[in-house]
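Quick notes on the structure that follows.
The values are calculated or read from the model by the stated rules, or taken from the named source; none is laboratory data. Here the structure is a predicted model, which is why all the values come from computation and not from measurement. Glycine gets a Cβ as well: all are built from the backbone with ideal geometry, and neighbour counts include every protein chain shown.
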Amino acid sequence: MEVVIKDNYQEISQLAANYLFDTVKKKNDAVLGLPTGSTPLGMYQIIIDKYKDNCSFQNVRTFNLDEYVGLDKTNKCSYCYYMENILFSHIDIKEENIYIPNGVAENMEEECRYYENLIRSRGPMDILFLGIGPNGHIGFNEPNYYFEPYTHVVKLTDNTIAANSRFFDSIESVPKTAITMGMKTILSAKKIVMLATGHNKAEAIAKSIKGKVTPQVPGSVLQLHNNVTLIIDKDAAKYL
């Protein structure tokens, strides 16, 4: 596992964007795994600003890590809405090459199987970008007693709900469940890049890198992958 410590958020975002650009330059029909939240915003902005000079996304396919259960794509708090407004509407990617779990599917178990089969048939992901929660969750894989291997519905912890409430009108309006890629699905990516900043991520980063592999710290599963790069700032690296 490679750990790269940068001085600031802009440097982290630039290096992450470089990894994405390099992947698409080498393979114009690359399959990308993409995250949401506040951490990748800088990376996405750099991609928008510079993609025309670097690459085209016409043949690129993307899979998102997760989506809230109960939010449709028109909901401003859904990850589908986030991706469209933050990235996809600003680049030349084709709509039919964008894959995001359906948070309002009639049968969520069926949707999980469908999404998992899409990843298998269209993948593997050439590169997958991740964030990490203060409790060590990746995607929406919360601390647990076992590793859920495939795409599944998960009950969000109170800590995750509280952390994500900043994106909603109130903590009460945050969905209590989400659909997410599982651990085996995440590990199926050829390359994984994790981004993290701030003191509140430092303990999760240290446990993920230096601790034992345990479902109580979901990020620790990355120790089992042979091509992982962590791009973090000095605050997130303070326990390393």
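What are the pairs with Cβ atoms under 7 angstrom where one residue, in segment 170-189, is surrounded by fewer than 18 Cβ atoms within 10 Å (Cβ to Cβ) and in a helix (DSSP H, G or I) and the other, located anywhere, is polar (S, T, N, Q) and modelled with pLDDT under 95? Sequence gap at least six, or different chains. That search, which allows pairs on different chains as well, returns ILE171/SER165. Against the definition (part of a loop (DSSP other than H, G, I, E, B) and under 16 Å from the mean Cα position of the chain (by Cα)), how does ILE119 come out, yes or no? Here the answer is no, as ILE119 does not meet what is asked. Considering segment 149-163, and only residues there that are in contact (Cβ under 8 Å) with a residue 24 or more places away in the chain and out of contact with any helix residue (DSSP H, G or I) (no Cβ under 8 Å at 6 or more places or on another chain), the residue that is surrounded by the fewest Cβ atoms within 10 Å (Cβ to Cβ) turns out to be ASN159.
Where residues in segment 190-240 are touching a residue at least 12 places away in the same chain (Cβ under 8 Å) and of a type in the set (Ser, Thr, Tyr), which of them is nearest to VAL24 (Cα to Cα)? Reasoning before the result, please.
Step one: list which residues in segment 190-240 are touching a residue at least 12 places away in the same chain (Cβ under 8 Å), which gives 190-210, 215-225, 227-240.
Still in the running and of a type in the set (Ser, Thr, Tyr): 197, 208, 220, 229, 239.
Working: THR197: 25, SER208: 28, SER220: 28, THR229: 17, TYR239: 34 Å.
Per the criteria, the residue is THR229.
In segment 111-148, the qualifying residues are those that are under 16 Å from LEU222 (Cβ atoms) and among the β-branched types (Val, Ile, Thr), and the one that is surrounded by the most Cβ atoms within 10 Å (Cβ to Cβ) is ILE138.
State all residues of segment 20-46 that are within 15 Å of ILE86 (Cα to Cα) and in contact (Cβ under 8 Å) with a residue 40 or more places away in the chain; if no residue qualifies, say none.
Residues of segment 20-46 that are within 15 Å of ILE86 (Cα to Cα), as a first pass: 34-46.
The answer is LEU34, PRO35, THR36, GLY37, THR39, PRO40, LEU41, MET43, TYR44.
Quick check, is ASP49 under 20 Å from LEU195 (Cβ atoms), without any contact (Cβ under 8 Å) to a residue 24 or more places away in the chain and over 17 Å from the mean Cα position of the chain (by Cα)? Answer is yes for this residue.
Of these, ILE127, ILE132, ILE98, ILE91, which one is among the aliphatic types (A, V, I, L, M), out of contact with any His (no Cβ under 6 Å at 6 or more places or on another chain), in contact (Cβ under 8 Å) with a residue 12 or more places away in the chain and under 27 Å from HIS199 (Cβ atoms)?
Details: ILE127 fails: under 27 Å from HIS199 (Cβ atoms); ILE98 fails: under 27 Å from HIS199 (Cβ atoms); ILE91 fails: under 27 Å from HIS199 (Cβ atoms).
That would be ILE132, the only listed residue that is among the aliphatic types (A, V, I, L, M), out of contact with any His (no Cβ under 6 Å at 6 or more places or on another chain), in contact (Cβ under 8 Å) with a residue 12 or more places away in the chain and under 27 Å from HIS199 (Cβ atoms).
If I filter segment 12-59 down to residues being of a type outside the set (Ser, Thr, Tyr), touching a strand residue (DSSP E or B) at 6+ places or on another chain (Cβ under 8 Å) and surrounded by fewer than 20 Cβ atoms within 10 Å (Cβ to Cβ), which single residue comes out as nearest to THR151 (Cα to Cα)? So, considering only residues that are of a type outside the set (Ser, Thr, Tyr), touching a strand residue (DSSP E or B) at 6+ places or on another chain (Cβ under 8 Å) and surrounded by fewer than 20 Cβ atoms within 10 Å (Cβ to Cβ), the one nearest to THR151 (Cα to Cα) is ASP29. Filtering segment 142-163 to residues that are among the β-branched types (Val, Ile, Thr) and either under 21 Å from GLU111 (Cβ atoms) or in contact with a Gly (Cβ under 6 Å, 6 or more places away or on another chain) (or both) leaves THR151, VAL153, VAL154, THR160.
Residue by residue, here is whether (1) of a type outside the set (Val, Ile, Thr); (2) modelled with pLDDT of 95 or more holds:
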site: THR74; (1), (2): no, no
site: LYS94; (1), (2): yes, yes
site: GLY133; (1), (2): yes, no
site: PHE140; (1), (2): yes, no
site: SER165; (1), (2): yes, no
